[in-house]
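A.B. asks: Here it is: the structure, laid out below.
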Amino acid sequence: MKKRCNRHSRLPVAITLLTLLFLYLPLVMVAIASFNASKYGGVWTGFSLKWYKALFKSREIWNALTNTLFIAFISTFFSTLLGTLSALALYRSKNRFKAIYHALIYTPLVVPDILMGISMLLLFVTTFSACGTWFQSVFGIELELGMTTIIIAHITFCMSYVAMVVLGRLQEFDHSLVEAAYDLGASGLYTFFHVTLPVILPGVIAGALFAFTLSIDDFVITFFVKGAGDTTLPIYIQSTMRHGSPAILNALSVIFLILTFILVFTTQKLLSNKTETHK
């Protein structure tokens, strides 16, 4: 019986190894291609670092990266703030419509990006056509698609991810700590910053990392709501793959892979970290 069980237990291991190979072999090939002197990477013509040198000399890439980071930092800040407050409100809510509120928060997670992009574009265009003339006459600013609309769109879908992560952290929260703080005379604001926030802080940071990664990576929604000349890194990569040299993108991909692995590892550590308050 033991021999039969051991023989069958090799199948899950084999499937796991094949899955990992399927997932990570393309990444390894991209890393190898980034050191290939060939422009298109079909044939190995020798080891070279010229694509990394070209990457750091490319002004267009750095401008696109600057726009991407600017959008990512602002959208991460506001989506983390709004997502955390939403999670706290849902956790404390005793309303009979709580299930509906949960569904509304989770809906952006499952809505296709193309549908989200089209709906956001329609919202902006309708709003600008209805209020653009009045806004320009009062504030002297013309409403149009641009960096602001991209940030608003990113906050919209990133907020749900933050709320989901923080809600998961709140499920482990011991509410008796808050009651004990109130019994000792602590105010609501003091209790939040000295009791609640330290406990859920790993979840908040993990949610912020998720939002930051999603904002940097987004292409579809950004493509719909961006203005003329507003180029983010995913938009630039798509344009380069069609008209430029893809070799430089291999070097860029390797750098982003390293940064992504660091972010994912940090996020996983934060999610699995148990608060020291309970000890």
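The values are calculated or read from the model by the stated rules, or taken from the named source; none is laboratory data. Since we're looking at a predicted model, the values are computed, not measured. Positions of Cβ are backbone-derived with ideal geometry, glycine not excepted, and every protein chain shown enters the neighbour counts.
A.B. asks: Report, by residue number, each residue of the range 146-178 that is without any contact (Cβ under 8 Å) to a residue 24 or more places away in the chain and buried (at least 17 other Cβ atoms within 10 Å of the Cβ).
C.D. replies: Across the range 146-178, the qualifying residue is only 178.
A.B. asks: Just one of (1) modelled with pLDDT under 85; (2) assigned to a helix (DSSP H, G or I); (3) under 25 Å from residue 206 (Cα atoms); (4) in contact with a helix residue (DSSP H, G or I) (Cβ under 9 Å, 6 or more places away or on another chain) trips up residue 135, so point out which.
C.D. replies: Against the list (1) modelled with pLDDT under 85; (2) assigned to a helix (DSSP H, G or I); (3) under 25 Å from residue 206 (Cα atoms); (4) in contact with a helix residue (DSSP H, G or I) (Cβ under 9 Å, 6 or more places away or on another chain), residue 135 comes up short only on (3).
A.B. asks: Now for a separate question. If residue 95 satisfies every condition in (1) polar (S, T, N, Q); (2) more than 24 Å from residue 234 (Cβ to Cβ); (3) assigned to a helix (DSSP H, G or I); (4) at pLDDT below 85 but one, which is the exception?
C.D. replies: Residue 95 satisfies all of (1) polar (S, T, N, Q); (2) more than 24 Å from residue 234 (Cβ to Cβ); (3) assigned to a helix (DSSP H, G or I); (4) at pLDDT below 85 except (3).
A.B. asks: Please go through the range 222-251 and give me each residue that is of a type outside the set (A, V, I, L, M, F, W, C), over 17 Å from residue 118 (Cα atoms) and part of a helix (DSSP H, G or I), ordered by number.
C.D. replies: 234, 236, 238, 239, 240, 242, 243, 250
A.B. asks: Also: Can you give me the number of residues within the range 252-279 that are in a helix (DSSP H, G or I), surrounded by 13 or more Cβ atoms within 10 Å (Cβ to Cβ) and at pLDDT below 80?
C.D. replies: 7
A.B. asks: If only one of 64, 72 is surrounded by 13 or more Cβ atoms within 10 Å (Cβ to Cβ), under 18 Å from the mean Cα position of the chain (by Cα) and farther than 21 Å from residue 209 by Cβ, which one is it?
C.D. replies: Being surrounded by 13 or more Cβ atoms within 10 Å (Cβ to Cβ), under 18 Å from the mean Cα position of the chain (by Cα) and farther than 21 Å from residue 209 by Cβ holds for just one of 64, 72, which is 64.
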